[in-house]
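K.L.:
Below you'll find the structure I mean.
The values are calculated or read from the model by the stated rules, or taken from the named source; none is laboratory data. Please read these numbers as outputs of a predicted model, since none were measured by experiment. Cβ coordinates were reconstructed from backbone atoms using ideal geometry, including for glycine residues, and neighbour counts include every protein chain displayed. These accessible areas exclude ligands, DNA and RNA; they are computed on the full protein's heavy atoms, side chains included. Shrake-Rupley method; radii C 1.70, N 1.55, O 1.52, S 1.80 Å.
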2 protein chains.
Amino acid sequence: MPKFDAAGLLSAVVQHAESGEILMLAFMDSEAIEKTRETGLAHFHSRSRGTLWLKGETSGNVLRVKKILVDCDQDALVIKALPDGPTCHTGARSCFYRVLDGDSLTPVGEDL
Amino acid sequence: MPKFDAAGLLSAVVQHAESGEILMLAFMDSEAIEKTRETGLAHFHSRSRGTLWLKGETSGNVLRVKKILVDCDQDALVIKALPDGPTCHTGARSCFYRVLDGDSLTPVGEDL
C-alpha cells in the first residue's frame, strides 16, 4: 500500500513512543518495511550504501517499533518506537540536537 | 548550511510546537527555507508542481514556525510550529491519521 518515489523509497520519521520526541529521519524501501514489521526492530535503506540497514546493528542502539502511522498520500511513515540507548551516532538522544539560530546552529535545550 | 539531495531538496517534518504531535512531512529547497525564515510561515517545495508552496495559501491553515531543528548530517529539518486549523488537506489535524495494522489502515486514536 505505501507509495514509493522514483528511487523506491519513502521518508520515515522515528518518534519516541512515550515522550513524542523526534529521534531521526531515514528512508525505507519495501524490504526495510517488511523487515521492520517482521522483526519489530526498525530497518532502513541506506541511500549511500544502497543496502538494507538494521538501526543499531553495530551500536546495539536498536529501535523497538510500537506503531507505524501512514500519512494521507501514503508516501511517508511515522515510526513510533522505544529506543535502546541514544539514537544518534554522535551519542545524542536524538539526531535533531541543534536549533537553527540566525546563521548558526546551537544545541537544543532539555525541554525539547 | 543545510545539505540538499541531488534534486536540491531535504525532508522537513512538521511537529506541533506544544503537543509534540507530528503533523506532516514535506520537502524544502533553499528558497522554501529562506521564505519560511523570512515570513515565519512554513513554505515547502512541491515535488509534483515543481514550485514554491506556502502551506495554507488556499485553505488559510498556515503553520506558524517557532523553531527549526537540524539533524546530525544536516539533511533533514524538524519544523516546530503552531498550526492555524487542521494541517491535513483531508481536514484531519495531522496527515498521519492512520495506523498500519496488519494489511489495513485504521484511524489513530485520540491518544496520538
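K.L.:
From the Cα gyration tensor of chain B, with a ≥ b ≥ c the square roots of its eigenvalues, which class applies: rounded if a/c is under 1.5, or else prolate if a/b is larger than b/c, or else oblate?
P.N.:
Taking the square roots of the gyration eigenvalues as a ≥ b ≥ c, chain B is prolate.
K.L.:
Considering protein heavy atoms only and a 1.4 Å probe radius, which residues within segment B:1-30 exhibit an accessible-area decrease of no less than 30 Å² in the full assembly relative to the chain by itself?
P.N.:
The answer is B:Met1, B:Ser11, B:Val13, B:Gln15, B:Ile22, B:Leu25 - residues whose exposure falls by at least 30 Å² when every protein chain is included.
K.L.:
For segment B:1-63, what's the radius of gyration and Dmax over Cα atoms, in angstrom?
P.N.:
Final numbers for Rg and Dmax: 11.7, 34 Å.
K.L.:
For A:Leu41, what charge total do you get from the other residues with a beta carbon under 15 Å from its beta carbon, if Lys and Arg give +1 and Asp and Glu give -1?
P.N.:
+2
K.L.:
State log₁₀ I(q)/I(0) for segment A:51-97 at q = 0.13, 0.16, 0.24, 0.29 Å⁻¹ as given by the Debye formula over alpha-carbon point scatterers of equal weight, solvent excluded.
P.N.:
-0.36, -0.53, -0.95, -1.07
K.L.:
In sequence order, what are the phi-derived ³J(HN,Hα) couplings for segment B:92-109 according to the Karplus relation 6.51 cos²θ - 1.76 cosθ + 1.60 with θ = phi - 60°, rounded to whole Hz, with x for glycine and proline?
P.N.:
So the Karplus estimates, Gly and Pro as x, are 6, 4, 10, 5, 8, 9, 10, 9, 6, 9, x, 9, 10, 10, 10, x, 6, x Hz.
K.L.:
Taking a cut-off of 16 Å between Cα atoms, list the lysines near A:Lys55, but don't count ones fewer than 8 places away on the same chain.
P.N.:
Of all the lysines, those that pass the test against A:Lys55 - Cα under 16 Å, at least 8 places apart if same chain - are A:Lys35, A:Lys66, A:Lys80.
K.L.:
In addition: Using alpha carbon centroids, what distance separates segment B:48-112 and segment A:16-87, in Å?
P.N.:
19 Å
K.L.:
Now a separate question. Using a Gaussian network model on chain B with a 10 Å cutoff between Cα atoms, which of B:Gly50, B:Gly40, B:Gly91 fluctuates the most?
P.N.:
B:Gly50
K.L.:
Which cross-chain or sequence-distant (5 or more) residues have an amide H under 5 Å from the amide H of A:Lys66, H modelled 1.01 Å from N in plane?
P.N.:
For A:Lys66, the qualifying residues are A:Lys80, A:Ala81, A:Leu82.
K.L.:
Can you compute the FRET efficiency between A:Asp84 and A:Met1 using 1/(1 + (r/R0)^6), with r the Cβ-Cβ distance and R0 = 30 Å? Round to the nearest 0.05.
P.N.:
After rounding, the FRET efficiency stands at 0.55.
K.L.:
Quick one: Karplus J couplings for segment B:32-46, per residue in order, coefficients 6.51, -1.76, 1.60, θ = phi - 60°, nearest Hz, x for Gly and Pro?
P.N.:
5, 5, 4, 5, 4, 6, 5, 9, x, 10, 5, 10, 10, 10, 7
K.L.:
Here's a follow-up. Say R0 is 30 Å: what FRET efficiency, to the nearest 0.05, do A:Asp75 and A:Thr106 get from their beta-carbon distance?
P.N.:
Working from the Cβ atoms, E equals 0.40.
K.L.:
So if the hydrodynamic radius of the protein assembly as shown is defined as the Kirkwood radius over C-alpha pairs, what does Stokes-Einstein give as its diffusion coefficient at 10 °C and 1.306 mPa s, in µm² per second?
P.N.:
For the chosen part, D equals 90 µm²/s.
K.L.:
Roughly what % antiparallel, to the nearest 5, for the DSSP beta bridges in chain A?
P.N.:
80 percent
K.L.:
What number comes out for accessible area per residue over the protein assembly as shown if the probe is 1.4 Å? Units Å², please.
P.N.:
For the protein assembly as shown, the solvent-accessible area averages 48 Å² per residue.
K.L.:
HN-Hα J couplings of segment A:50-59 from phi, Karplus 6.51/-1.76/1.60, θ = phi - 60°, integer Hz, Gly and Pro as x?
P.N.:
Rounded to whole hertz, the list is x, 9, 5, 9, 7, 4, x, 3, 9, 7.
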